[in-house]
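Data first, discussion second: the structure below is written as structure tokens.
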Amino acid sequence: MTEAAVKVHRDVPLTRAWTYDASFPGPTIEARNGHPILIEWMNALPQRHFLPIDHTLCGAGADKPEVRAIVHVHGGKVPPESDGYPEDWITPGKSLTYLYPNAQDAATLWYHDHAMGIERLNQYAGLMGVYLMRDDHEAALGLPGGAHELPLVLCDRWFGQDGQLRYSASEDPAAPWVSEIFCDAHLVNGKLFPYLDVEPRRYRLRVVNGSNSRFYYLSFDPGVVAHQIGSDQGLLSAPLELATLTLAPAERADVVVDFSDAAGKNVLLKSQSFQLMQFRVGRGRPAREPALPRKLRDIPRPRPEAAVTTRTLALNEYHDAGRHRMLMLLNGKRWHDPVTERPRLGTAEVWNLMNLTEDTHPIHLHLVRFRILDRQAFDADEFKTSGKLVLQGKPIPPTPDEAGWKDTVRAEASMMTRILIQFDGYAGRYVWHCHVLEHAANEMMRPFEVVETPT
Ligand code: C2O
Ligand code: CU
Ligand code: CU
């Protein structure tokens, strides 16, 4: 991890960024199922942060070193000591060697900073990259590869006239935390409105939403034939024709787009009215390519009846009177409260995420993959006052793009979102949190502990 001067646009002066290996986003790591790797993560950042630290937040007190970093592979099934627990941060000059077993299905994973209390600043500064898990099954599908496969890391940022990153802060210099950040500049792979010359053929795009708070609603203009083939934790059961693609912070999509009907045209990738990038499609004769496989992977029907425990967990926000700001909590508990979620290794649980707020919260659990069962409205006032769960209307099944294996779920406003989680892998301490990074910082993040089943 080093500070570097990066070029975000031809007409913008060099930007100071914090990077993995001097590149923003960091180098793409390509891992293969069955081939474990070790990575030595070295903190070679400066001693001072260049973004506004809020020392009133949990874990970011003025007694802590200002620059701290820890790496988490999001979506990785990794032993707890290599998972990047938020409090396991290291200071400049130190390093950590992490083991990635790579014993999981092919998927678009990503890695990013997770340092307690400043993760949102470290990621905003540039500490993120893509981690592609590959396996033999995927390799046999004949999907576009090599120069025809590209990661697309999306994120929004504020820039000053001088080309430097600005992070909006609250009015109170002693407590600069803000509840979310929406910026006017959109970067794709660290570039401002880039273009890419492409051939009139199929491409595979591995799209990652790396924004702190922003949701993307992606589409192509003019429209081209695009299929989503995977989500957070790998391939869907079958290709899904795409119109608009919604991605909350930390969600990923694996997309095959076909430019063969757009020879000689410029195709924009947009999010609502924002232009993100342009594909300049060459004239040449469209390539002859085999059809996309009709079936990608077996995705079993979720079996909630196999769950050993159902937990009902509130997502709520509170007015923090002392500081005149919001506090967001998972089930009313703060980071330092004792661990309350202790699933047994090898078992499945249903978690009912009760969203009592007016925002969608993208909820992520480390270590595991899960399935979305459904979403359903409920009487939030009744739930808040008596704790009684009064359901309303009908359960709504997940849309086909979220019917595969997930690790981040949009818990929608005023809805109960039910997920079925398989706690496989390792026993130990992990975290679950909202992936709006500003929420996670105050304090929409909790530990959970996977415990061994007694024999
Ligand atoms: Cu994207 Cu706790 O991680
Ligand atoms: Cu994660
Ligand atoms: Cu949130």
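The values are calculated or read from the model by the stated rules, or taken from the named source; none is laboratory data. Everything quoted here is computed from the prediction, not taken from an experiment. Cβ coordinates were reconstructed from backbone atoms using ideal geometry, including for glycine residues, and neighbour counts include every protein chain displayed. Side chains are part of the model used for accessible areas, which takes the heavy atoms of the whole protein and leaves out ligands, DNA and RNA. Shrake-Rupley method; radii C 1.70, N 1.55, O 1.52, S 1.80 Å.
Quick look at the values:
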{"item": "Residue-by-residue Karplus 3J(HN,Hα) for the range 424-432, coefficients 6.51, -1.76, 1.60, Hz, glycine and proline x", "result": "9, x, 9, 7, x, 8, 10, 10, 10"}
{"item": "Spatially proximal lysines relative to residue 333 (Cα-Cα < 18 Å; intrachain offsets below 8 disregarded)", "result": "384"}
{"item": "Interchain or long-range residues, amide H under 5 Å from residue 234's placed H", "result": "108"}
{"item": "Placed amide H near residue 357: partners under 5 Å, 5+ positions off or other chain", "result": "414"}
{"item": "Backbone HN-Hα couplings from phi across the range 322-336 [Karplus 6.51/-1.76/1.60, Hz, Gly and Pro as x]", "result": "x, 10, 6, 7, 7, 9, 10, 10, 9, 6, x, 10, 9, 3, 8"}
{"item": "Extent along principal axes [Cα atoms of the range 260-380; Å; largest to smallest]", "result": "63, 44, 29"}
{"item": "29 Å Cα-Cα threshold exceeded, pairs from 64/270; 7/270; 265/406", "result": "64/270; 265/406"}
{"item": "Computed Kirkwood radius, in angstrom, where 1/r is averaged over Cα pairs of the range 214-331", "result": "18.2 Å"}
{"item": "Accessible surface, the range 146-281, averaged per residue in Å² (probe 1.4 Å)", "result": "36 Å²"}
{"item": "For the range 2-138, average projected area of the Cα convex hull in nm²", "result": "8.9 nm²"}
{"item": "Percent of C-alpha pairs per 5 Å bin, the range 304-450, short to long", "result": "2, 10, 19, 23, 21, 15, 7, 2, 1"}
{"item": "Longest DSSP-loop-exposure-free segment, GluC sites (Glu not before Pro), the chain, at most 13 other Cβ within 10 Å", "result": "172-357"}
{"item": "Rg/Rg_ref, the chain, where Rg_ref = 2.2 N^0.38 Å and atoms are Cα", "result": "0.96"}
{"item": "Alpha-carbon spread of the range 101-197, three principal axes, descending order, Å", "result": "56, 36, 17"}
{"item": "Whole-Å semi-axes of the range 157-270's equivalent ellipsoid (Cα gyration tensor)", "result": "32, 18, 10"}
{"item": "Value at 222 nm in deg cm²/dmol, rounded to 500, when DSSP H runs of n ≥ 4 in the chain each add -39,500 (n - 2.57)", "result": "-1000 deg cm²/dmol"}
{"item": "5 angstrom amide H check on residue 126, placed H, neighbours 5+ away", "result": "18"}
{"item": "The chain, accessible surface, carbon-and-sulfur percent (1.4 angstrom probe)", "result": "50 percent"}
{"item": "Peptide ranges 424-430, 212-218, 47-53 listed from the most packed, as the mean C-beta count within 10 angstrom indicates", "result": "212-218, 424-430, 47-53"}
{"item": "Sites residue 358 and residue 136, calculated FRET efficiency, Cβ-Cβ separation with R0 60 Å, nearest 0.05", "result": "0.85"}
